[in-house]
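The values are calculated or read from the model by the stated rules, or taken from the named source; none is laboratory data. All of these numbers come straight from a predicted model, not from anything done at the bench. FYI the Cβ positions are ideal-geometry reconstructions off the backbone, even for glycines, and counts take in every protein chain you see. Please note that ligands, DNA and RNA were not included when accessible areas were found on the heavy atoms of the full protein model with its side chains. Shrake-Rupley method; radii C 1.70, N 1.55, O 1.52, S 1.80 Å.
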Amino acid sequence: ALIAEISQEEAFSTMNALQTGIVLISAIALFISLLLVNRFTHQFVNPLLDIRTHLNALAKGKIVKRDLTYHAQDEISDIIESTRLLKSAIEGTIEQTKAIAAGNYERPIVMLSGEDQLGIALSDMTSTLRQAVAQTRRQDWLKSGQAQLNEIIRGDQELVILARATINFLCNYVKAYV
């Protein structure tokens, strides 16, 4: 009587319960794993997407006003800091070029480093423009004086009156007081 007859359903019921438990535990583990992967992926991917957005805008000449936020101290924070520095440098360059366009050639150009090619080019351009403007002003001063002197000496005048008018004009124009 050691051998008893039981139905197949009863014989496999424990195995079926174990199989159902394993499937349920596996599903829960998979769900938790997906949640963790999703969280960690967003933790790394979202900041990289923000960086990409900022860099793409900078590449097109647009400054994004929204700042990048990231609170961890890792390689991504280093990339974000470099992106901030690049954005700041471009903003500074924009302000400098606006000053140059407005005729302010005296504003100092801040070099980002000894190898700042854009800063060197801006400095050279500003210096060249400063010299060109100074030369144009000198030429305008000479041409204006010449035109005014022509008005004074125009027409028939006695030699003494002409000489006195010419000397007076030239002394006043060059601010040489006699």
Practice prompt. Determine whether segment 86-95 contains at least one residue that is over 19 Å from GLN117 (Cβ atoms), part of a helix (DSSP H, G or I) and touching a residue at least 12 places away in the same chain (Cβ under 8 Å).
Written response: no
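Could you identify the single residue in LEU149, LEU118, LEU162 that is over 30 Å from THR97 (Cα atoms) and in contact with a Leu (Cβ under 9 Å, 6 or more places away or on another chain)?
Numbers: LEU118 fails: over 30 Å from THR97 (Cα atoms); LEU162 fails: in contact with a Leu (Cβ under 9 Å, 6 or more places away or on another chain).
Unique residue meeting the criteria: LEU149.
Of everything in segment 66-75, what is closer than 21 Å to ILE90 by Cβ and either at pLDDT 90 or above or of a type in the set (Val, Ile, Thr) (or both)? Give them in sequence order. Lay out the reasoning, then the answer.
Restricting attention to segment 66-75, the residues satisfying the condition of being closer than 21 Å to ILE90 by Cβ are 66-70.
Of everything in segment 66-75, just one residue is closer than 21 Å to ILE90 by Cβ and either at pLDDT 90 or above or of a type in the set (Val, Ile, Thr) (or both), namely THR69.
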Response to the item:
For segment 45-56 the number of residues that are loosely packed, with under 13 Cβ neighbours inside 10 Å and either among the hydroxyl-bearing types (Ser, Thr, Tyr) or closer than 20 Å to GLN73 by Cα (or both) is 4
Worksheet item: Hey, LYS143 hits all of (1) part of a loop (DSSP other than H, G, I, E, B); (2) open to solvent by 90 Å² or more (accessible area, probe 1.4 Å); (3) not acidic (Asp, Glu) but one; which does it fall short on?
Response: (1)
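Mind checking which residues of segment 156-169 are assigned to a helix (DSSP H, G or I) and open to solvent by less than 80 Å² (accessible area, probe 1.4 Å)?
Keep residues of segment 156-169 that are assigned to a helix (DSSP H, G or I), which gives 159-169.
Scanning segment 156-169 gives LEU162, ALA163, ALA165, THR166, PHE169.
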Fill in: Residue that is nearest to LEU85 (Cα to Cα), among those in segment 128-140 that are surrounded by 11 or more Cβ atoms within 10 Å (Cβ to Cβ) and without any contact (Cβ under 8 Å) to a residue 12 or more places away in the chain
THR128
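Okay, residues lined up against (1) out of contact with any Cys (no Cβ under 9 Å at 6 or more places or on another chain); (2) over 29 Å from VAL174 (Cα atoms); (3) not hydroxyl-bearing (Ser, Thr, Tyr):
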site: ILE51; (1), (2), (3): yes, yes, yes
site: ASN56; (1), (2), (3): yes, yes, yes
site: SER77; (1), (2), (3): yes, yes, no
site: ARG84; (1), (2), (3): yes, yes, yes
site: ILE94; (1), (2), (3): yes, yes, yes
site: MET125; (1), (2), (3): yes, yes, yes
site: THR128; (1), (2), (3): yes, no, no
site: SER144; (1), (2), (3): yes, no, no
Fill in: Residue ID - most open to solvent (accessible area, probe 1.4 Å), chosen from residues in segment 98-124 that are touching a helix residue (DSSP H, G or I) at 6+ places or on another chain (Cβ under 7 Å) and not in a loop (DSSP other than H, G, I, E, B)
LEU118
Response to the item:
GLY61: passes all of (1) part of a loop (DSSP other than H, G, I, E, B); (2) of a type outside the set (Asp, Glu); (3) more than 27 Å from THR128 (Cβ to Cβ) but (3)
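I need the full set of residues from segment 60-80 which are open to solvent by less than 80 Å² (accessible area, probe 1.4 Å) and under 27 Å from SER123 (Cβ atoms), in order please. First the steps, then the outcome.
Applying the first criterion (open to solvent by less than 80 Å² (accessible area, probe 1.4 Å)) to segment 60-80 yields 61, 63-64, 68, 70, 72, 74, 76-77, 79-80.
GLY61, ILE63, listed by residue number.
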